[in-house]
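Data first, discussion second: the structure below is written as structure tokens.
The values are calculated or read from the model by the stated rules, or taken from the named source; none is laboratory data. Just so it is clear, the model here is predicted, and its values are computed rather than measured. So basically every Cβ, Gly included, is an ideal-geometry build from the backbone, and we count neighbours across all protein chains shown. The accessibility values were calculated without ligands, DNA or RNA, using every heavy atom of the protein model including side chains. Shrake-Rupley method; radii C 1.70, N 1.55, O 1.52, S 1.80 Å.
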Amino acid sequence: MAERGFIPFARPCLSEEEEQAVLHVMRSGWLTTGPESEAFEREFADFLGVKHALAVSSATAGLHLGLDALGAREGSFVVTTPYTFAATAEVARHVGAELIFCDIDEGSMCISVSELERVLDKYANRVAAIVPVHFAGRGADMEAIVNLAASCGASVLEDAAHAFPVRYGEKFLGAAGDAGVFSFYATKTITTGEGGMLVTDRDDVAERVSLMRLHGIDRRVWDRYTSSPGAWFYQVIEAGYKYNMPDLLAAIGRVQLKKAVLFKKKRERIARIYREALSDRDYFILPEDADEHAWHLFVVGIDENRLSIGRDEFVRLMAEKGVGCSVHFIPLFLMPYYRNRYNLSPDEFPVSYRVYLRSFSLPIYPSLSDEEIYRVISSLKEIGDRFYRKIL
Ligand SMILES: Cc1ncc(COP(=O)(O)O)c(C=O)c1O
């Protein structure tokens, strides 16, 4: 039998079309933010049916700009879950706000609405923004979150880094709150290598983000170079940031956007195969399905009562069999910065802690071949069966 290669946890899905698009920009003489970024923004906004889409250098940058535009400042609070990547929380500190963490719902792995209610009762009108994370590409309960936010005058900034594209009623995730942010990091559902997009229907938010993402300058760089007279003149009206997306990357994004629905169908198919194939093993805890799911991650849990090994050892044995797995996420209450600043302990977040200890993420991306999919499944079952502890 031929030598079988390692199956990486993630692999970007790029073709000659993206290569040609980059080459076109390289030869155009304009590399940074310009016509490609503007076209990408228009196409993205049309796809989601939103008024504004603003391309940025990363989702982290977009979340930072979003919180700034929604008025999170020193003296205010930002509410999110600890079951997320550092980016979601750090941006609150960048604007000087303090964090409040809410535990997750065990099924959706997104923010628990009852926990959110409890927190809002306590902090009410000091909460500037709620930042729900659509974990793995499954939507948080946006209807409840938006209503709760409205009742205490808070804004909703969706961390939709995992959730492109997912319909949510008449809208899409990311477009259900005041603003939403997508990630185009190398492992995400569509990629530009690094990059992100902030979307909003609010003119005031779009205006502030547009200003702050490029040094607080009152004119777009492309506009300065193409207009006359006085093309060189600009004014800095705020101390902004350097968070723009260059055309080299936007060109990749435009091609990826055209493939987003096809990519999603492929991930849905893999998720379906995983679910069906693993459902006959009672030691696996499978992710909850949803009407719509981006399947950026397929997070499987192991029931420790039924296996004689834990998650860490399971992941190590998968790697030994040539399958790259990952863990999403190490909760933020286990990170020294947040643990120390807010004096957090795992007992305050029993669901997040339990889910973290048992979970790991399987490879799920459009270029995963059927042979690879079935190799992931057989590796999981071989390891599970070997360490199975029958409960009589
Ligand atoms: C939930 C979540 N939010 C935000 C980000 C930040 O995305 P980016 O790398 O584009 O800044 C990530 C990145 O992995 C993420 O997983």
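Condition first: away from the ligand (no atom under 16 Å from the Cβ) and among the basic types (Lys, Arg). Can you find one or more residues in region 185-195 that meet it?
no
For region 190-290, please list each of the helices (runs of 4 or more DSSP H) lying entirely inside it that holds at least 2 residues being crowded, with 18+ Cβ neighbours inside 10 Å and not basic (Lys, Arg).
Here the list reads 203-212, 247-278.
Working only within region 157-179, note down all residues that are within 16 Å of the ligand (Cβ to nearest atom), outside any loop (DSSP other than H, G, I, E, B) and not charged (D, E, K, R).
Once the filter is applied, which keeps residues that are within 16 Å of the ligand (Cβ to nearest atom), outside any loop (DSSP other than H, G, I, E, B) and not charged (D, E, K, R), region 157-179 yields LEU157, ALA179.
Results for (1) within 16 Å of the ligand (Cβ to nearest atom); (2) not aliphatic (A, V, I, L, M), shown as yes or no for each residue.
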{"site": "LEU54", "(1), (2)": "yes, no"}
{"site": "ASP68", "(1), (2)": "yes, yes"}
{"site": "THR81", "(1), (2)": "yes, yes"}
{"site": "GLY96", "(1), (2)": "no, yes"}
{"site": "PHE101", "(1), (2)": "yes, yes"}
{"site": "CYS110", "(1), (2)": "yes, yes"}
{"site": "GLU115", "(1), (2)": "no, yes"}
{"site": "PHE135", "(1), (2)": "yes, yes"}
{"site": "MET142", "(1), (2)": "yes, no"}
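Which of the residues that make up region 2-44 are assigned to a helix (DSSP H, G or I) and of a type in the set (Asp, Glu)?
Correct list: GLU16, GLU17, GLU18, GLU19, GLU36, GLU38, GLU41, GLU43.
Assess whether PHE182 counts as being in a strand (DSSP E or B) and under 9 Å from the mean Cα position of the chain (by Cα).
It is true that PHE182 is in a strand (DSSP E or B) and under 9 Å from the mean Cα position of the chain (by Cα).
Yes/no matrix, rows are residues, columns are (1) open to solvent by less than 10 Å² (accessible area, probe 1.4 Å); (2) aliphatic (A, V, I, L, M):
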residue	(1), (2)
PHE47	no, no
GLU74	no, no
VAL78	yes, yes
ILE100	no, yes
SER151	no, no
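Show the residue pairs that are 6+ apart or on different chains and have beta-carbon atoms under 7 Å apart, the first residue being within region 150-164 and more than 18 Å from THR60 (Cβ to Cβ) and hydrophobic (A, V, I, L, M, F, W, C), the second being open to solvent by 10 Å² or more (accessible area, probe 1.4 Å) and within 10 Å of the ligand (Cβ to nearest atom).
Within 7 Å, no pair qualifies.
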